[in-house]
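Take a look at the structure set out below.
The values are calculated or read from the model by the stated rules, or taken from the named source; none is laboratory data. As the structure is a computational prediction, the values presented were derived from the model and not from experiment. Backbone-built Cβ (ideal geometry, glycine too); neighbour counts: all protein chains shown.
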Amino acid sequence: MLDLFMTFFRIGILTFGGGLTMLPMLKYEIVEKKKWCSEEQLLDCYAVGQCTPGIIAVNTATYVGYLQNGIAGGIWATFGMVAPSLLIITVVAAFLRQFMDNIWLQHALMGIRGVVCALMFNTVINLAKKSLVHPICYVICLVAFLLAMFTDIPTILIVVASAVAGNLLAKKGGQA
Amino acid sequence: MVDIILLLKVFWEFFKIGLFAVGGGPATIPFLFELSDKTGWFTNQELTNMIAVSESTPGPIGLNMATYVGFRTLGFFGGVVSTFGLVLPSIVVIILIAKFLANFSENKRVKRAFWGIRPAVTGLILSAVISMWRASLLIIKDTGYAPATGSIIVCLVTIVLMQVLQKKKFHPAVWLLGGAVVGLLFRL
């Protein structure tokens, strides 16, 4: 159990960004070093992690922990994954709040905000490349965008509606 | 004394995000914008700062964002509760799937649902990005909004550079550091 916690703690502290950037690290720690699961199992788990709600990193940690040691294993691995974020962000957030009025930090943040806007733009482009595989997908994307932008319909409803739309339309769109 | 009611509200909001944000970290961002509009716990501009911090500190972005938002709202316990709320649905759902559904991701209905969800999530994130641009690239003045020219230039230059340097995958933290240096040098 402690081993599960420590291993995922280490993975959590050494990954920046999360999601796909974690994969090489997971392969090294979980498959090669600890031999807790095979590479195929890890990839399966990634597939499941991507199509279940929640943060992919957490989903993966829970899954590997569960395979190794049942429900308790899943919980310990997840705590390991969560702990570094909790510690580091709490310190950073407390620190930032005190320095928020500092004029130099303000200058730096003006530049940083510009970069964040660009990074997020890039994220959308990358997502679009992967998700817009058929004209119907463009329509779904546009409708979701317009609803989110110009109405007060809760985001949750849009996600649920798109799952229904996927079930009704995917066959037409060439998805088996 | 920590406000228990508010703590429960924070937990509940993040539990919902954990349950419905499909596709990992970036998928939580539209929900966070919705949360800031709905509750006023933080501003859209603060959210942009939070994303910058979350991208350049260790740990998955989704978790970092949750901790940060929770901390900003209610201090240390807020951070713990928001993170726990975000994670709980994952733990439950994944354990159920691991236990009962061996071939979950091969299931036809699941595959079709995701064929629809993925483009929708892209649209949702696009709308969040536009809200973010509005919050970060405009400065609120007495007379209304004024463009934050420095940030806009940095943003455009970064987008162009990212396209040009596509082969070299720089870490987001490198870009953010660059932005900070430019901001300091030119006193944006």
Against the definition (surrounded by fewer than 20 Cβ atoms within 10 Å (Cβ to Cβ), in contact with a Ser or Thr (Cβ under 7 Å, 6 or more places away or on another chain) and of a type outside the set (Lys, Arg)), how does A:Ile55 come out, yes or no?
no
Could you look through the stretch A:66-114, keep only residues that are within 18 Å of the chain's Cα centre (by Cα) and more than 7 Å from chain B (Cβ to nearest Cβ), and pick out the one that is nearest to A:Met6 (Cα to Cα)?
A:Gly80
Give the stretch B:45-58 a look and list any residue that's of a type in the set (D, E, K, R) and facing another protein chain (nearest Cβ under 7 Å), or say none.
B:Glu55
From the residues in the stretch B:76-122 that are within 7 Å of chain A (Cβ to nearest Cβ) and of a type in the set (Gly, Ala, Ser), which one is surrounded by the fewest Cβ atoms within 10 Å (Cβ to Cβ)?
B:Ser105
Considering every residue within the stretch B:59-75, establish whether at least one is at the interface with chain A (Cβ under 7 Å from one of its Cβ atoms), more than 17 Å from A:Ile89 (Cα to Cα) and modelled with pLDDT of 85 or more.
no
Output the number of the condition that A:Asp44 fails; it satisfies all remaining conditions of (1) of a type outside the set (Ser, Thr, Tyr); (2) modelled with pLDDT of 80 or more; (3) closer than 24 Å to B:Gly23 by Cβ.
(2)
Take the conditions of a type in the set (Lys, Arg), free of Cβ contacts under 8 Å to residues at least 60 places away in the same chain and buried (at least 20 other Cβ atoms within 10 Å of the Cβ) and apply them to A:Arg97. Does it pass?
no
Here is a check on your reading of the model: is A:Ala57 touching a residue at least 24 places away in the same chain (Cβ under 8 Å) and under 30 Å from B:Thr158 (Cβ atoms)?
yes
Considering only the stretch B:1-42, state which residues are more than 16 Å from the chain's Cα centre (by Cα), among the aliphatic types (A, V, I, L, M) and at pLDDT below 85.
B:Met1, B:Val2
Would you check if there is a residue in the stretch A:115-132 being more than 21 Å from the chain's Cα centre (by Cα), surrounded by fewer than 20 Cβ atoms within 10 Å (Cβ to Cβ) and of a type in the set (S, T, N, Q)?
no
Please go through the stretch A:94-129 and pick out each residue that is touching a helix residue (DSSP H, G or I) at 6+ places or on another chain (Cβ under 7 Å) and either part of a loop (DSSP other than H, G, I, E, B) or of a type in the set (D, E, K, R) (or both).
A:Arg113
In the stretch B:1-21, how many are surrounded by fewer than 16 Cβ atoms within 10 Å (Cβ to Cβ) and charged (D, E, K, R)?
1
Looking at the stretch A:132-176 only, could you name the residues that are at pLDDT below 85 and either on the phi > 0 side of the Ramachandran plot or facing another protein chain (nearest Cβ under 8 Å) (or both)?
A:Pro154, A:Thr155, A:Ile156, A:Ala170, A:Lys171, A:Gly173, A:Gly174, A:Gln175, A:Ala176
Of a type outside the set (A, V, I, L, M, F, W, C) and either under 30 Å from A:His134 (Cα atoms) or in contact with an Asp or Glu (Cβ under 8 Å, 6 or more places away or on another chain) (or both), is that true of B:Gly62?
yes
Among (1) within 30 Å of B:Ala148 (Cβ to Cβ); (2) within 8 Å of another protein chain (Cβ to nearest Cβ) - the single one A:Asn126 does not satisfy:
(2)
